[in-house]
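Right, one structure below, let's go through it.
Quick note: the coordinates plus some simple rules give every number you see, no bench work behind them. Remember, predicted model here, so these are calculated numbers, not experimental data. Every residue, glycine as well, gets a Cβ built from its backbone with ideal geometry; the counts of neighbours run over all protein chains shown.
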Amino acid sequence: MTRNFQPTPSLPHGRVHHVLVSREQIARRVAELAGEITSVYEGRELTIVVVLTGALTFTADLIRRLPLPLRIEPVAVSSYTGEATRPKKGEFRLPLPEELRNRDVLIVDDIFDSGQTMAILVESAYGAGARDVKRCVLLRKDRPDLADRGEVDYFGFDIPDEFVVGYGLDFNGYYRNLPDIGVLQIHAEDSDQ
């Protein structure tokens, strides 16, 4: 589904060129993911580690559909900075809680790109004593150049190797509030060259 829309004109990077995943598709898939996760953790307590800030919107929608006893722990790892469109080595800005001993942990992130952020988080969660660690992402980017990046346990959508914004994902701090996931005009033009 392609839908052009004009965000606030004062934003510095222009409009969305095309939509990759619509808000309707997102809502359906989040409900499906919640069902998959519930069937695995039914009758158990789950600790959700939400990766700020990109996964906040996704996590909020997901947890409202999980009829499980939950704990939520925020973590912040910087891997995209400023106007970067490729992840760099991740560093904690808000670390994991030190005590995850004997907990079932689900790390929820917005996008699985290079796999670096997820690898750091999984290692840290096990280091903090987690009994089990699973990975859930909204988007899994097609990166054939990174065959050894690892895998995720749950994902919403496979997308092409394009820089995306909306539904929590940003470019230089903007566009997180868009309801669909799309590609900005400037990035569409970059990929055409």
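For the stretch 96-134, the residues whose backbone nitrogen is under 12 Å from a point 7 Å from the Cα of Val152, taken along Cα to Cβ, are 107-119. Remark: spin-label model distance Thr38-Ala60 equals 2.1 nm, labels positioned 7 Å along the Cα→Cβ axis. Sorting 66-73, 26-33 by average packing, meaning the other beta carbons within 10 Å per residue, from highest down gives 26-33, 66-73.
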